[in-house]
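Reviewing the structure listed below.
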Amino acid sequence: MPNPFPNLADPALLPGVWCLTCGEPEALTPVSLRELPPDRAALAALPPVSLPAALAGAAWERTARGIVVRLAVGDNEEFYGLGLQLKSLAQRGRKKTLRVNSDPVADTGDSHAPVPFLASTAGWALLVDTARYATFHVACIQPATELPGGPGILADTTQALYAGRVGSRRALVIEIPHARGVSVYGFGGPTLRTAVARYNLFSGGGCRPSLKGLGVWYRAYGKATAADIESLVDGIRADHIPCDVLGLEPGWQTAAYPCSFVWSEERFPGHRGFLDRIHGRGLEVNCWEHAFTHPTSPLAPALRPCSGPSAVFGGLVPDLLVPEARRAFAAHHEALVSEGIDGFKLDECDGSDFTAGPWSFPETDTFPSGLDGECMHSLFGITYQRTLDALWRARGRRALHSVRNSHALAAPYPFVLYSDLYDLKDFVRGVAVAGFSGLLWSPEVRDASSTEDLVRRVQAVALSPQALINAWYIAMPPWRQINTARNQAGEVMADSAAATALVRDALRLRLRLLPYLDAAFARYQASGVPPFRALAMDYPADPACRSVDDQWLLGEDLLVAPVLTSQRRRRLVLPPGVWRPLAGGGPVPGGQTLDIDAPLDLLPVYVRDGALLPLAEPVEYVGPETVFRLQVQVHGDGRHGGELVEDDGVSMAGPANRVDLTWDGSAVHLDRSGSFTGRRFELAAWQHHP
Ligand code: GAL
């Protein structure tokens, strides 16, 4: 029989955050292993709320299978979250088992980054504090006490047959396998957006990437030598394709799969000189790796006693929760960073059960820290992120990195998720989905099936959390040749010049929006509000917005509607209010769904009425002295103003100015307050869009 949580009457743990505990929770959980404190001051600044009714009525029971938690939910509530669910945005009516997996090909809950966090349109959210593969039955169980009667289902398509929704299904049922108890953290709203923000503040606040990290990324061919890469970079600069970060794939090391974590002198002779030359071209360097350690790596002796019992790709699996392992791993990476590496791509920290051969360690392993393989899978990526993020925190410097596995409480870590799966629709959905769970996702670009496919992919990634071209398996940039085999054969495609121009334009928009994007991340850090959000996060009461998984809000004022390949028109859901196309044109009333033209050279973006949108004259990369010349668009009466942050772009806590943009009806004004004495912005012009 279900029991009420014994500590329901306890006061809130933090403003708007409750912790309900039953039985004897496991010792090693996301919250018990957290390393950053909640942002108490920012939580206290949010509106006061009382314990959400769904949580006040929560009940639990212990079964032979583990712990079951039940909550009653409303008929009209929709749910979002559960981490990076690439196959679906709205979770009501679905059963998801949150298992770590790098091949989430069906909508089962398998994910690069599952997070046991769920937020409701009724304005509350919960985090189940477990690293187990918990199952969420999101209002999909039909109680036998509510048999509907009626005519049953007679269908002539399988979709109609199984779409039949009978019964009220008013329960959220969560099963945590193996556990003898669990803590559930509840977050109050009053809105969905505030409940998500509270969770992010509970996690420690949102991450604040470096300004260059928000620029364009290009990952070079995995087998390239230093000389190949230098001529590639010269080509990118000659083509005037913006680029701030150069990614080196496995070939920078003497051995990858497993990793040596040692520079290959064969491919990168005198690697320090190479790093200097790349930095000299205005690029940061991000290096690929995974944690599975080659037996001949200088790290192996220290890691061997603190590793799991199974090998992966023939390498040790370090248990980074063991202090000795973490110290050794961090010290080795510190030496790499001090030589000039600006960030890392943490690959393969997820694992697959379904590829040609399952790889990664099995759930049956027990690690020296006491975690079993199941919990280690959930926490491997976030622990890996923390180990390397600490190197930048110690320097007081911001950065941005890539990672392929994450979990709960990830918001403060500047890591963006990516995947080998390459479906554009799923990749676009990922941007909208990830923001509900404290995650960032990049719909990265590799090769393409047509020039149009390439351009649509680049347009989408350009206004996503990380503008990433991942050319790890093609030697020339994809705008020279989209086809992998021909690219490797050095054959330039006939329409390369046209493709280059379209790609350049799409990426320039990223750079034009860089100051605006940076300000959105500053807000993420301070207030927990994600910079990239599904429409449902801001408009949960609007039925049309609830299911939109192919558009997202960027900051407070922009709505991005990427176009999929072969579309020349697309359906657009405009939320309530008034919007104007960024590309120009009069006001369009919101609260409607319309079909718009989407010519190949256009990424549809809409601006909120009343915004002052600062667009920078495009630079090709950000340097220490870069001053953005701002062209400010005034939309309507400009009543919302605009806000930017002016600082050196890398320091975590250095001097900064708040820059307010205002419109007095005839001119834009830019007002600074703060202690940063340098200049990042200069007001160049403004245009009024009445
Ligand atoms: C994959 C990763 C790719 C690329 C490749 C290199 O696991 O997803 O982006 O880095 O490894 O071997």
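The values are calculated or read from the model by the stated rules, or taken from the named source; none is laboratory data. Model, not experiment: these values are computed from the prediction. Here the Cβ positions follow ideal geometry from the backbone for every residue, glycine too, while neighbour counts run over all protein chains shown.
Based on this model, can you work out whether Phe274 counts as among the hydrophobic types (A, V, I, L, M, F, W, C) and closer than 30 Å to Arg512 by Cα?
Considered against the rule, which asks whether it is among the hydrophobic types (A, V, I, L, M, F, W, C) and closer than 30 Å to Arg512 by Cα, Phe274 comes out as yes.
Could you tell me whether any residue of segment 122-142 is surrounded by 24 or more Cβ atoms within 10 Å (Cβ to Cβ), farther than 30 Å from Gly370 by Cα and of a type in the set (Val, Ile, Thr)?
So far as segment 122-142 goes, yes, one or more of its residues are surrounded by 24 or more Cβ atoms within 10 Å (Cβ to Cβ), farther than 30 Å from Gly370 by Cα and of a type in the set (Val, Ile, Thr).
Picking from Ala390, Ala410, which residue would you name as being of a type outside the set (D, E, K, R) and crowded, with 24+ Cβ neighbours inside 10 Å?
Answer to the selection: Ala410.
Within segment 80-131, count every residue that is within 24 Å of Asp423 (Cα to Cα) and assigned to a strand (DSSP E or B).
The total comes to 12.
Quick grid of which residues meet (1) under 30 Å from Val31 (Cα atoms); (2) in contact with a Gly (Cβ under 8 Å, 6 or more places away or on another chain); (3) buried (at least 24 other Cβ atoms within 10 Å of the Cβ):
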{"residue": "Arg198", "(1), (2), (3)": "yes, yes, yes"}
{"residue": "Lys212", "(1), (2), (3)": "no, yes, yes"}
{"residue": "Leu232", "(1), (2), (3)": "no, no, no"}
{"residue": "Pro242", "(1), (2), (3)": "no, yes, yes"}
{"residue": "Gln253", "(1), (2), (3)": "no, no, no"}
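Within segment 422-531, which helices (runs of 4 or more DSSP H) (wholly inside it) include 1 or more residues that are closer than 18 Å to Leu558 by Cβ and more than 16 Å from the ligand (Cβ to nearest atom)?
So the answer is 424-434, 451-462, 496-512, 514-527.
Only residues in segment 202-222 that are under 30 Å from Thr484 (Cα atoms) and touching a residue at least 12 places away in the same chain (Cβ under 8 Å) count as the first member; pair them with residues that are assigned to a helix (DSSP H, G or I) and within 16 Å of the ligand (Cβ to nearest atom), Cβ under 6 angstrom, at least 6 apart or cross-chain, and list the lot.
Cβ pairs passing all conditions: Ala220/Ile229; Gly222/Pro250; Gly222/Gly251.
Suppose we filter Val634, Val588, Val573, Val578 for residues that are more than 29 Å from Pro414 (Cα to Cα), in contact with a Cys (Cβ under 7 Å, 6 or more places away or on another chain) and modelled with pLDDT of 95 or more; which single one remains?
Answer to the check: Val573.
Please enumerate the residues belonging to segment 79-106 that are of a type in the set (D, E, K, R), away from the ligand (no atom under 16 Å from the Cβ) and surrounded by fewer than 23 Cβ atoms within 10 Å (Cβ to Cβ).
Of the residues in segment 79-106, the ones of a type in the set (D, E, K, R) are 87, 92, 94-96, 99, 103.
Checking which are away from the ligand (no atom under 16 Å from the Cβ) leaves us with 87, 92, 94-96, 99.
If the condition is that a residue be of a type in the set (D, E, K, R), away from the ligand (no atom under 16 Å from the Cβ) and surrounded by fewer than 23 Cβ atoms within 10 Å (Cβ to Cβ), then Lys87, Arg92, Arg94, Lys95, Arg99 are the ones that fit.
So in segment 246-277, with the set limited to residues that are away from the ligand (no atom under 16 Å from the Cβ) and assigned to a helix (DSSP H, G or I), which one is farthest from Thr296 (Cα to Cα)? Quick ask: steps written out before the conclusion?
Kept after step one, since they are away from the ligand (no atom under 16 Å from the Cβ), are these residues of segment 246-277: 262-263, 265-266, 268-277.
Next, only the ones that are assigned to a helix (DSSP H, G or I) stay: 271-277.
Values: His271: 20, Arg272: 22, Gly273: 25, Phe274: 25, Leu275: 25, Asp276: 28, Arg277: 30 Å.
Among them, the one singled out is Arg277.
Take the residues in segment 408-419 that are assigned to a loop (DSSP other than H, G, I, E, B) and touching a Pro at 6+ places or on another chain (Cβ under 6 Å); name whichever of them is nearest to the ligand (Cβ to nearest atom).
The selected residue is Pro414.
Would you mind stating whether Ala356 is surrounded by fewer than 24 Cβ atoms within 10 Å (Cβ to Cβ) and either within 26 Å of Asp276 (Cβ to Cβ) or within 15 Å of the ligand (Cβ to nearest atom) (or both)? Step through it out loud before you land on a result.
Details: surrounded by fewer than 24 Cβ atoms within 10 Å (Cβ to Cβ): yes; either within 26 Å of Asp276 (Cβ to Cβ) or within 15 Å of the ligand (Cβ to nearest atom) (or both): yes.
Yes; evaluated as a whole, the condition is true for this residue.
Only residues that are within 16 Å of the ligand (Cβ to nearest atom), part of a strand (DSSP E or B) and either of a type in the set (Phe, Trp, Tyr) or in contact with a Ser or Thr (Cβ under 8 Å, 6 or more places away or on another chain) (or both): list them for segment 379-407, please.
Selection gives Ser402 alone.
Name the pairs whose Cβ atoms lie under 8 Å apart, with the first residue in segment 461-490 and among the basic types (Lys, Arg), the second assigned to a loop (DSSP other than H, G, I, E, B) and away from the ligand (no atom under 16 Å from the Cβ), and 6 or more positions between them or separate chains?
Arg480/Val492; Arg480/Met493; Arg486/Met493
Would you pick out the residues in segment 641-672 that are over 18 Å from Pro624 (Cβ atoms) and in contact with a Ser or Thr (Cβ under 9 Å, 6 or more places away or on another chain)?
Gly641, Gly642, Arg658, Val659, Asp660, Val668, His669, Leu670, Asp671
Which one of the conditions (1) within 16 Å of the ligand (Cβ to nearest atom); (2) under 23 Å from Arg446 (Cα atoms) does Leu214 fail to meet, given that it meets all the rest?
(1)
Name the residue, out of Leu440, Leu409, that is closer than 17 Å to Trp217 by Cα and assigned by TED's automatic domain parsing to the domain that holds Glu334. Don't jump to the end; show me each part of the working.
Numbers: Leu409 fails: closer than 17 Å to Trp217 by Cα.
Result: Leu440 is the single residue among Leu440, Leu409 that is closer than 17 Å to Trp217 by Cα and assigned by TED's automatic domain parsing to the domain that holds Glu334.
Let me confirm something: among Pro618, Pro624, which residue is at pLDDT below 95, surrounded by fewer than 16 Cβ atoms within 10 Å (Cβ to Cβ) and not assigned by TED's automatic domain parsing to the domain that holds Ile236?
None of the other options fit; the residue is Pro624.
Can you run down the residue pairs with Cβ atoms below 6 Å, 6 or more apart or on separate chains, where the first is in segment 421-447 and buried (at least 24 other Cβ atoms within 10 Å of the Cβ) and the partner is among the hydroxyl-bearing types (Ser, Thr, Tyr) and not in a loop (DSSP other than H, G, I, E, B)?
Sorted first by the residue in segment 421-447, then by its partner, the pairs are Phe436/Tyr80; Gly438/Ser203.
Is one or more of the residues making up segment 221-231 away from the ligand (no atom under 13 Å from the Cβ), more than 26 Å from the chain's Cα centre (by Cα), of a type in the set (D, E, K, R) and assigned by TED's automatic domain parsing to the domain that holds Leu439?
Yes: segment 221-231 contains one or more residues that are away from the ligand (no atom under 13 Å from the Cβ), more than 26 Å from the chain's Cα centre (by Cα), of a type in the set (D, E, K, R) and assigned by TED's automatic domain parsing to the domain that holds Leu439.
Please tell me if Pro177 is within 28 Å of Phe415 (Cβ to Cβ), in contact (Cβ under 8 Å) with a residue 60 or more places away in the chain, surrounded by fewer than 22 Cβ atoms within 10 Å (Cβ to Cβ) and out of contact with any helix residue (DSSP H, G or I) (no Cβ under 6 Å at 6 or more places or on another chain). Give the steps one after another, and end with the answer.
Values: within 28 Å of Phe415 (Cβ to Cβ): yes; in contact (Cβ under 8 Å) with a residue 60 or more places away in the chain: yes; surrounded by fewer than 22 Cβ atoms within 10 Å (Cβ to Cβ): yes; out of contact with any helix residue (DSSP H, G or I) (no Cβ under 6 Å at 6 or more places or on another chain): yes.
Spelling it out, Pro177 is indeed within 28 Å of Phe415 (Cβ to Cβ), in contact (Cβ under 8 Å) with a residue 60 or more places away in the chain, surrounded by fewer than 22 Cβ atoms within 10 Å (Cβ to Cβ) and out of contact with any helix residue (DSSP H, G or I) (no Cβ under 6 Å at 6 or more places or on another chain).
Take segment 291-307 and flag every residue that is surrounded by fewer than 22 Cβ atoms within 10 Å (Cβ to Cβ) and either within 16 Å of the ligand (Cβ to nearest atom) or not polar (S, T, N, Q) (or both).
Those that are surrounded by fewer than 22 Cβ atoms within 10 Å (Cβ to Cβ) and either within 16 Å of the ligand (Cβ to nearest atom) or not polar (S, T, N, Q) (or both): Pro295, Pro298, Ala300, Pro301, Ala302, Arg304, Pro305.
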